[in-house]
Amino acid sequence: MKFSLVVPTYNEAGGIEQLIQALAAVFEENGLDGEIVVVDDNSPDGTGAIVDRLAVRYPVKCVHRPGKLGLSSGVIDGWKAARPESEALGAMDADFSHDPKVIPAMVRALESGYGLAVGSRYVPGGGISNWPKRRKITSLVAIVLAKPLTRIRDITSGFFLVKRAALDGVELDPIGFKIGLEVFAKAHYGKAAEIPYVFTDRIAGTSKLNQGEIVNYLRQLGRIYRLKLAGSLRR
Ligand SMILES: Nc1nc2c(ncn2[C@@H]2O[C@H](COP(=O)(O)OP(=O)(O)OP(=O)(O)O)[C@@H](O)[C@H]2O)c(=O)[nH]1
Ligand SMILES: [Mg+2]
């Protein structure tokens with residue numbers, strides 16, 4: 001199954017080349033027809049130009065946006081720019097927190113009838129390496145708050161592939177960091193598979209997650225709960 005994987009970037013020059021190489025190698029070794037769509041928000045460190053240069057050698061293209069517009073909206077714009085023949089669309093961070101080696105299992109899950117494949121830290125075999133306690137607690141609180149919205153265990157995962165058809169007619173809110181939650185709560189994907197992986201801390205660059213994103217998350221949750229109460233989430 002052809003797929004397009006969106007990687008939103010803001011100042012990821014330190015690791016983006018390595019990530020694209022790693023993804024291309026995984027695609028090739030596993031016979032996968034994947035397209036990488038980097039959505040760069042005019043990173044001052046030149047991430048976008050690096051990706052443009054790599055596009056001659058690797059299955060990657062870069063969407064350039066004029067400034068820092070946010071992760072979720074970046075993923076949505078990347079999906080709009082994906083080649084039309086891709087039957088599945090996905091998202092992944094640029095900082096090697098998400099293990100490229102899990103992608104073949106995600107693609108196979110979609111090929112075997114699942115509508116959604118989520119890279120998951122919270123199923124057996126998955127986990128988080130070296131997160132400070134505070135970060136772990138924040139993540140758990142975020143998950144508990146969203147629990148009634150979906151049966152997916154790693155609700156805050158930003159690493160997933162979904163069938164394009166599952167997004168037909170679905171309005172995705174571009175706010176904040178949690179595009180996964182929009183998809184898990186709203187898309188028409190039928191059965192979901194959670195594929196375990198171990199989340200590792202970024203290998204280069206710095207975090208873009210800040211207090212403002214916690215407020216955005218609460219606003220996002222509020223809007224989804226309102227839709228649910230109004231009965232307009234039909235999944
Ligand atoms: N295009 C775009 N990408 C963004 C924006 N904010 C974050 N990103 C990217 O989204 C991905 C996730 O951001 P991170 O800073 O790694 O957030 P995080 O994983 O929650 O935090 P860390 O654990 O510190 O890495 C990375 O690939 C970022 O470069 C944005 O405003 N625009
Ligand atoms: Mg990260």
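So how many residues does region 189-220 have that are in a helix (DSSP H, G or I) and among the aromatic types (Phe, Trp, Tyr)?
1
Step by step: first the residues of region 150-205, then only those that are away from ligand 2 (no atom under 16 Å from the Cβ) and without any contact (Cβ under 8 Å) to a residue 40 or more places away in the chain, then the one that is farthest from GLY113 (Cα to Cα). Which residue is that?
The residue in question is GLU171.
Is it the case, given these coordinates, that VAL144 is of a type in the set (Val, Ile, Thr) and within 17 Å of the chain's Cα centre (by Cα)?
The answer is no for VAL144.
Return yes or no: is ALA146 within 16 Å of ligand 1 (Cβ to nearest atom) and over 26 Å from GLU12 (Cα atoms)?
Judged against the criteria, ALA146 is a match.
Are there any pairs, at least 6 apart or on different chains, whose C-beta atoms fall under 8 Å, with the first in region 27-46 and closer than 12 Å to VAL75 by Cα and at pLDDT 95 or above and the second of a type in the set (A, V, I, L, M, F, W, C) and in a loop (DSSP other than H, G, I, E, B), and if so, which?
Cβ pairs passing all conditions: VAL37/ALA82; VAL38/ALA94; ASP41/LEU69.
Against the condition of a type in the set (A, V, I, L, M, F, W, C), more than 23 Å from GLU28 (Cα to Cα), modelled with pLDDT of 95 or more and not in a helix (DSSP H, G or I), how does LEU89 come out, does it pass? It would help to see each step written out before you state the result.
Numbers: of a type in the set (A, V, I, L, M, F, W, C): yes; more than 23 Å from GLU28 (Cα to Cα): no; modelled with pLDDT of 95 or more: yes; not in a helix (DSSP H, G or I): yes.
No, not satisfied.
Mind listing just one residue for me: the one in region 12-30 that is surrounded by fewer than 18 Cβ atoms within 10 Å (Cβ to Cβ) and acidic (Asp, Glu) and, of those, nearest to ligand 2 (Cβ to nearest atom)?
GLU17
Just a yes or no: is a residue in region 43-52 under 18 Å from the mean Cα position of the chain (by Cα) and of a type outside the set (Gly, Ala, Ser)?
Checked region 43-52: no residue is under 18 Å from the mean Cα position of the chain (by Cα) and of a type outside the set (Gly, Ala, Ser).
For THR156, only one of the following conditions fails: (1) farther than 22 Å from GLY205 by Cα; (2) outside any helix (DSSP H, G or I); (3) at pLDDT below 95. What is its number?
(1)
Does any residue of region 65-72 turn out to be free of Cβ contacts under 8 Å to residues at least 60 places away in the same chain, surrounded by fewer than 20 Cβ atoms within 10 Å (Cβ to Cβ), under 18 Å from the mean Cα position of the chain (by Cα) and within 16 Å of ligand 2 (Cβ to nearest atom)?
yes
With the structure loaded, tell me whether LYS178 is at pLDDT 95 or above and either closer than 24 Å to PRO104 by Cβ or more than 14 Å from ligand 1 (Cβ to nearest atom) (or both) or whether it fails that test.
For LYS178, the condition - at pLDDT 95 or above and either closer than 24 Å to PRO104 by Cβ or more than 14 Å from ligand 1 (Cβ to nearest atom) (or both) - is not met.
Just checking, which of VAL56, VAL123, VAL118 is at pLDDT 95 or above, among the β-branched types (Val, Ile, Thr) and surrounded by 19 or more Cβ atoms within 10 Å (Cβ to Cβ)? Walk me through it before giving the result.
On the way: VAL56 fails: surrounded by 19 or more Cβ atoms within 10 Å (Cβ to Cβ); VAL123 fails: surrounded by 19 or more Cβ atoms within 10 Å (Cβ to Cβ).
It is VAL118.
In region 181-218, which residue that is of a type in the set (Ser, Thr, Tyr) and within 12 Å of ligand 1 (Cβ to nearest atom) is farthest from ASN11 (Cα to Cα)?
TYR217
Checking the condition in a helix (DSSP H, G or I) and either away from ligand 1 (no atom under 14 Å from the Cβ) or of a type outside the set (Lys, Arg) (or both), which residue from PRO84, PRO124, PRO104, PRO66 passes?
Numbers: PRO84 fails: in a helix (DSSP H, G or I); PRO124 fails: in a helix (DSSP H, G or I); PRO66 fails: in a helix (DSSP H, G or I).
Just a single option satisfies the conditions, and that option is PRO104.
The values are calculated or read from the model by the stated rules, or taken from the named source; none is laboratory data. As the structure is a computational prediction, the values presented were derived from the model and not from experiment. Note that each Cβ is placed from the backbone with ideal geometry, even for glycine, and that neighbours are counted across all protein chains shown.
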